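Participant: I have a structure here, written as structure tokens, and I will follow up with some questions on it.
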Amino acid sequence: MEILHVSAECYPVAKAGGLGDVVGALPKYQNQLGHIAKVVMPMYRTKFLGANSFDVVHKGGFHMGSAGFINYTIIKEKTNVLGFDLYLVDIYGLLDREGIYGYGDDVERFVAFQISVVDWLSKWQHQPDVVHVHDYHTALIPFMMKHCYDYQQLDHIKTVLTIHNGQYQGWIGWDKANFIPAWDSWKGGLLEWENTINPLACGVKCADKVTTVSNSYLDELKYMSNGLEALFEYEKGKCVGILNGIDDAVWDPATDTYLDINFSLEDADEGKFANKKILCDQFGLDITKPLIIFIGRLVHEKAADLLPAVIGDSIYHMEGRMNFLILGSGESWVEEQLAGMTHTLTGYYNSRIGYNEKLSHQMYAGADFLLMPSRVEPCGLNQMYAMRYGTVPIVRNTGGLRDTVIDYGEPGGYGIKFNNATVGDITYSVYRALELYKDPKKMDAVRATIMQLDNSWEKSAGTYIELYKQL
């Protein structure tokens, strides 16, 4: 079976979040199962582009309404360095930028990217069995393949849409409807949701199958999907939850090249202590205290706005019996608060505003606990990374966190869970973490359990293959 994944992100080419990690791993594991999986994504000006060699495999062009004529080039990475064929779409002036998102013309950029993919696909002599699109940036492709006159010869190819985050839907005003290649006017309603063009809603309506990145998140979308609740209820018959995995070849404390000191289950205590010492020395923290970390976007969705109060209250009410370390970026006011606290809580807390891949690996390896108080967490990969490195997750009982963490107070449990994204609930969970840390025997048992969990992609990759076969 041949699968073409279409995505705005793919690690290590370009990554803003979990989407990049998934698309960088899933095709590799599908290839290992004996199938042919490929990835096509925009050609951003990233380090990966300059560090690798590419061949030009196709050139084309199309009219995009008022945006004029668009020329595009498809290039292919030469050496299969990622474990799958990687294709990049180059559109001069639109896609060839350092950033992935956040530009005023993102609508033009991602519509042009999608048309380029479909136009290129229409020229293939041997076409894939499945086109698998990811999130709203690519969700117009199933519509284009079925209902745009120039590309209806592709309507026999099956399509799958995976929703990594339903909060972001890519709304487009009807004044830009002429960007989309001419379509059957009787099908215009497939583009629309609440009087605007909604790419994510369009993808849900038009794809042959829709997947979400955990079973619990699929259930949550029916009552919490930023206006699409009725649509997910209506289309539930073609929706499936498939839990993400992690690339356990990349995320392995025994071989991780980002770590100065590697370790495995057999020497986890010594290895984690050595990595914790590196962190504590670097950030001025006390190695004798439990280290609680947060890694992620500093946004409302991740409940990052609660972190200053949680950290301050925990240190005050629990008499500074723990350390906190934060790595992330996001809302400027949250960044400012967290950065400012380094001066008032010196010795108990520190932060690094921004993102650093090496530091994130070091933090997973050296921390005792990972805090994920997310209001919305479709799957979550950080908790799986943390557990692979023997770091106990403290998570809110939502989305994929619900599906991947069992509270240590329950039979077979190995994490700490709470129900509400409130300062009180999170602070109490920090207290529970302190109590667990005070019991070395129980802490070691939990650590041994989580380091042996199988959260790899093998099972999930196979589940996707079975889904494709159903189509």
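Participant: What are the residues whose amide H is under 5 Å from the amide H of K417, where those residues sit 5 or more places off or on another chain and H is modelled from the backbone?
Facilitator: The answer is V395, Y408.
Participant: Among D256, D55, D286, which comes first, second and so on when ranked by fewest other beta-carbon atoms within 10 Å?
Facilitator: Exposure proxy ranking, most exposed first: D55, D286, D256.
Participant: Explain nothing, just compute: Karplus ³J(HN,Hα) = 6.51 cos²θ - 1.76 cosθ + 1.60, θ = phi - 60°, for every residue of the stretch 459-471 in order, whole Hz, x for Gly and Pro.
Facilitator: 5, 5, 4, x, 5, 4, 4, 4, 4, 4, 4, 4, 7
Participant: Computed over the Cα atoms of the stretch 72-155, what is the ratio Rg over Rh, Rh following Kirkwood?
Facilitator: Reported Rg/Rh, Kirkwood definition of Rh: 0.96.
Participant: Per residue of the stretch 18-26, what does 6.51 cos²θ - 1.76 cosθ + 1.60 with θ = phi - 60° give for ³J(HN,Hα)? Whole Hz please, x for Gly and Pro, Karplus curve as stated.
Facilitator: Taking θ as phi minus 60°, the curve returns x, 3, x, 5, 5, 5, x, 10, 3 Hz for the stretch 18-26.
Participant: Then there is this: Under a straight-distance cross-link criterion of Cα-Cα below 24 Å, which lysines are reachable from K441, leaving out those fewer than 8 residues away in the same chain?
Facilitator: Partners found: K272, K276, K277, K289, K417.
Participant: Then there is this: I'd like the distance between the alpha-carbon centres of the stretch 191-257 and the stretch 98-145, rounded to an integer number of Å.
Facilitator: 18 Å
Participant: Let me ask something else. Cut-off is 10 Å between beta-carbons; in what order do Y355, Y464, Y151 appear when sorted fewest neighbours first?
Facilitator: Y355, Y151, Y464
Participant: Here's another thing I want to ask about it. For A14, what residues show an amide H to amide H distance below 5 Å, using hydrogens built from the backbone and excluding near sequence neighbours?
Facilitator: none
Participant: Still on this model: So for the stretch 321-406, what are the equivalent ellipsoid semi-axes in whole Å, largest first, each being the square root of 5 times an eigenvalue of the Cα gyration tensor?
Facilitator: Ellipsoid half-lengths, sorted descending, are 23, 15, 12 Å.
Participant: Once you sort the root eigenvalues of the Cα gyration tensor of the stretch 182-317 as a ≥ b ≥ c, which label holds: rounded (a/c under 1.5), prolate (a/b larger than b/c) or oblate (the other case)?
Facilitator: Prolate shape, in that a/c is at least 1.5 and a/b is the bigger ratio.
Participant: How big is the Rg/Rh ratio for the stretch 89-247, C-alpha atoms only, Rh by Kirkwood, two decimals?
Facilitator: 0.95
Participant: Provide the three semi-axes, in whole Å and in decreasing order, of the ellipsoid equivalent to the chain as defined by the square roots of 5 times the Cα gyration tensor eigenvalues.
Facilitator: Output for the chain: semi-axes of 41, 23, 21 Å.
Participant: Taking H as built 1.01 Å from N, whose amide H comes closer than 5 Å to the amide H of S456, not counting residues under 5 places away?
Facilitator: HN-HN under 5 Å from S456: I246.
Participant: In addition: Let a ≥ b ≥ c be the square roots of the eigenvalues of the Cα gyration tensor of the stretch 110-202; is it rounded (a/c under 1.5), or, if not, prolate (a/b larger than b/c) or oblate?
Facilitator: Oblate, since a/c reaches 1.5 and b/c is not below a/b.
Participant: Of H137, H35, H156, how do they rank once you tally other Cβ atoms within 10 Å and put the fewest first?
Facilitator: H156, H35, H137
Participant: Quick one: Karplus J couplings for the stretch 187-201, per residue in order, coefficients 6.51, -1.76, 1.60, θ = phi - 60°, nearest Hz, x for Gly and Pro?
Facilitator: Using θ = phi - 60°, the values come out as 9, x, x, 5, 7, 9, 8, 6, 6, 9, 6, 10, x, 5, 4 Hz.
Participant: Report P(r) for the stretch 377-427: all Cα-Cα distances, bin width 5 Å, range 0 to the bin holding the largest distance, values in whole percent.
Facilitator: 5, 23, 30, 26, 14, 2
Participant: The stretch 47-153: which GluC sites (Glu not before Pro) are DSSP loop and have at most 15 other beta-carbon atoms within 10 angstrom?
Facilitator: E98
Quick note: the coordinates plus some simple rules give every number you see, no bench work behind them. Every value quoted in this text rests on a predicted model; they were computed, and no experiment measured them. Positions of Cβ are backbone-derived with ideal geometry, glycine not excepted, and every protein chain shown enters the neighbour counts.
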